[in-house]
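Working notes, structure below.
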Amino acid sequence: MKNLDFVTARFTNNERDTILTTWSDGVKTVDSYCEAADRDAQYRDLIQNHCTLDQIHENTWTWIRNTREEIDDYIISVGKKRGMITSIGDGLSGDVWHLITKALFVEDIDKEQLFLLKLELFELDFIKACKDRSMKSKLRKAKTVLESISLAAEIRNTKEEKPAPKKPAPKKRKPAASNRASD
């Protein structure tokens with residue numbers, strides 16, 4: 001583009017057949033689209049004078065990753081503002097404790113939600129490290145949230161209450177050999 005400096009280029013679709021190029025004169029920014037085909041003069045100029053096809057692919061992935069992060073951050077901020085998302089570092093609100101209490105003691109939870117809870121529990125390091133197959137089996141077969149949480153706590157407590165390793169018994173000394181010659 002005349003009187004403008006090249007800034008970046010990326011694909012705009014999954015087919016990778018349309019490229020968005022960004023140009024600037026230092027004050028204003030101009031976006032332009034071109035077809036990713038050798039027959040397109042703007043595409044040929046882009047590849048020959050401004051960037052490589054590999055750079056366009058890399059720019060595309062960078063843009064996708066950055067856009068996903070921005071969307072995730074936005075969703076989290078909206079969820080936090082609406083009290084739908086909390087983290088322990090933020091302090092738990094009364095609503096969270098209310099939900100925990102209902103999940104543990106009041107409401108029946110559907111099988112899918114119980115399954116998701118168990119998946120989360122089995123991702124905990126202390127449960128992964130547990131060698132007690134019968135406890136893990138009981139956790140897999142748990143019918144309620146409370147039973148699942150109780151079993152997970154029991155596994156954790158069992159891990160913490162391991163007895164100290166036994167010290168090896170002192171070695172018995174062999175009687176000293178006599179220096180007398182045999183008769």
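The values are calculated or read from the model by the stated rules, or taken from the named source; none is laboratory data. This one's a predicted model, so the numbers in the text were calculated from it and none came from an experiment. Glycine also receives a Cβ, built like all others from the backbone with ideal geometry; neighbour counts cover every protein chain displayed.
Inside the range 85-183, counting only helices (runs of 4 or more DSSP H) that do not spill past its ends, which hold 1 or more residues that are at pLDDT 90 or above, hydroxyl-bearing (Ser, Thr, Tyr) and touching a helix residue (DSSP H, G or I) at 6+ places or on another chain (Cβ under 9 Å)?
145-160
Restricting the search to the range 30-59, which residues are of a type in the set (Asp, Glu) and either in contact (Cβ under 8 Å) with a residue 40 or more places away in the chain or part of a helix (DSSP H, G or I) (or both)?
Across the range 30-59, the qualifying residues are Asp45, Asp54, Glu58.
Return yes when Gln48 is assigned by TED's automatic domain parsing to the domain that holds Leu20, out of contact with any Phe, Trp or Tyr (no Cβ under 9 Å at 6 or more places or on another chain) and exposed (fewer than 10 other Cβ atoms within 10 Å of the Cβ) and no when it is not.
So Gln48 fits the description; yes.
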